[in-house]
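Structure record follows, encoded as structure tokens.
The values are calculated or read from the model by the stated rules, or taken from the named source; none is laboratory data. None of the values given here were measured: they were computed from a predicted structure. No Cβ is skipped: glycine too gets one built from the backbone with ideal geometry, and neighbour counts run over all protein chains shown.
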Amino acid sequence: MKWRIKGRGLDLSRGVVMGILNVTPDSFSDGGRHAAVESALEHARRMIAEGAEIIDVGGESTRPGAAEVSAEIEIARTTPLIRALRREWDGFISIDTWKAAVAAEALAAGADIVNDISGLTRDPGMPDVCRTSGCGVVVMHMQGTPGTMQIAPHYEDVVEEVRAFFAERLETLAAGGLDPAALCFDPGIGFGKSHEHNLALLRNLPRLAPDGFPLLLGISRKSFIGRILGSSYIGERDWPTVAITAYTRRMGVMLHRVHEVRPNVEALRMIEAILGPQ
């Protein structure tokens with residue numbers, strides 16, 4: 001399996017880690033830590049050295065209850081970093097945004113992937129930006145918006161509804177001229193889902209993505225982990241994240257979006273050695 005990204009193919013014959021790089025003052029886990037370009041670059045370099053093949057840059061917090069920021073603020077936060085990282089690294093850079101204007105500026109600065117929490121549904125200009133650039137696209141499922149999504153999430157059947165959303169997105173985006181091979185799908189753990197919804201999705205991952213398409217999973221340090229552990233301390237969520245990475249790789253998930261790169265890369269390599277040639 002390969003994910004087509006700006007004319008290049010990302011080999012998904014083994015698990016790939018996407019390192020999270022938030023340049024926001026208010027993200028739930030690392031808000032404010034990498035706001036300066038040089039600090040953010042240093043963190044990106046560390047994640048790359050530890051095995052990240054994608055760096056995902058975000059300029060707007062999407063934690064539950066977060067307020068939106070303007071496209072201008074988001075561009076000012078992300079574009080200088082993407083430009084600087086591109087000058088020194090030829091790996092894959094992702095922009096985490098649902099806004100077409102932000103995506104267009106990031107792609108022009110050197111980004112390769114658009115990671116859209118709305119699945120290209122909130123900004124009508126986003127599909128065209130992605131189509132014309134030939135970028136890779138992460139289609140994520142979310143019920144509501146970050147400001148409202150955790151108030152009272154409800155589904156008749158969360159697995160079936162997420163699966164149907166992905167099928168509709170594939171059909172609609174392909175009909176609009178977007179290369180299907182550029183798409184991957186993210187079930188949006190914690191985005192408009194209760195504790196029970198998150199666990200149901202994790203138990204049924206092979207049923208979610210359209211046949212032959214890769215899944216990306218972003219569960220790193222999510223609050224449902226804290227609920228299971230009975231702890232609100234975010235620092236205690238990293239090793240459970242590694243456990244979920246290994247478990248979901250066994251279920252066929254090849255793309256993993258995480259904060260701590262090295263232990264998750266090591267977990268992938270170990271479980272792949274146990275699984276043997278696939």
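Which one is farthest from M18 (Cα to Cα) among residues in region 85-119 that are touching a residue at least 60 places away in the same chain (Cβ under 8 Å) and hydrophobic (A, V, I, L, M, F, W, C)? If we take residues in region 85-119 being touching a residue at least 60 places away in the same chain (Cβ under 8 Å) and hydrophobic (A, V, I, L, M, F, W, C), then I117 is farthest from M18 (Cα to Cα). Restricting attention to region 235-249, the residues being among the polar types (S, T, N, Q) and closer than 14 Å to V261 by Cα number 2. Restricting attention to region 231-273 and to residues that are polar (S, T, N, Q) and more than 19 Å from the chain's Cα centre (by Cα), the residue that is surrounded by the most Cβ atoms within 10 Å (Cβ to Cβ) turns out to be S231. The residues of region 33-59 that are surrounded by fewer than 18 Cβ atoms within 10 Å (Cβ to Cβ), assigned to a loop (DSSP other than H, G, I, E, B) and among the small types (G, A, S), listed by number, are A35, A36, G51.
Scanning region 111-120 for residues that are in contact with an Asp or Glu (Cβ under 6 Å, 6 or more places away or on another chain), modelled with pLDDT of 95 or more and not hydrophobic (A, V, I, L, M, F, W, C) turns up at least one hit.
Checked against (1) among the small types (G, A, S); (2) touching a residue at least 12 places away in the same chain (Cβ under 8 Å); (3) surrounded by fewer than 17 Cβ atoms within 10 Å (Cβ to Cβ); (4) closer than 17 Å to S118 by Cβ, G177 passes all but condition (4). For region 13-36, the set of residues classified as farther than 22 Å from I271 by Cβ and modelled with pLDDT of 90 or more consists of L21, N22, V23, listed by residue number. Scanning region 72-81 finds one or more residues that are over 13 Å from the mean Cα position of the chain (by Cα), crowded, with 24+ Cβ neighbours inside 10 Å and charged (D, E, K, R). Regarding region 255-269, can at least one residue be identified that is touching a residue at least 40 places away in the same chain (Cβ under 8 Å), touching a Pro at 6+ places or on another chain (Cβ under 9 Å) and under 24 Å from F92 (Cα atoms)? Looking for residues that are touching a residue at least 40 places away in the same chain (Cβ under 8 Å), touching a Pro at 6+ places or on another chain (Cβ under 9 Å) and under 24 Å from F92 (Cα atoms), one finds at least one in region 255-269, hence yes.
Look at region 60-84: where a residue is part of a loop (DSSP other than H, G, I, E, B) and a partner is surrounded by fewer than 19 Cβ atoms within 10 Å (Cβ to Cβ), sitting 6+ places away or on another chain with Cβ atoms under 6 Å, you get E60/V69; S61/D26; R63/F28; P64/Q150. May I ask you to verify whether D90 is acidic (D, E) and crowded, with 18+ Cβ neighbours inside 10 Å? The answer is no for D90. The helices (runs of 4 or more DSSP H) found wholly in region 181-278 and carrying at least 3 residues that are of a type in the set (A, V, I, L, M), over 24 Å from A164 (Cα atoms) and at pLDDT 95 or above occupy 238-250, 261-275.
Within region 154-192, if we keep just the residues that are under 13 Å from F213 (Cβ atoms) and of a type in the set (D, E), the residue that is nearest to the chain's Cα centre (by Cα) turns out to be D186. Within region 127-163, the set of residues being farther than 24 Å from H256 by Cβ and not in a loop (DSSP other than H, G, I, E, B) comprises P127, D128, V129, R131, T132, S133, E160.
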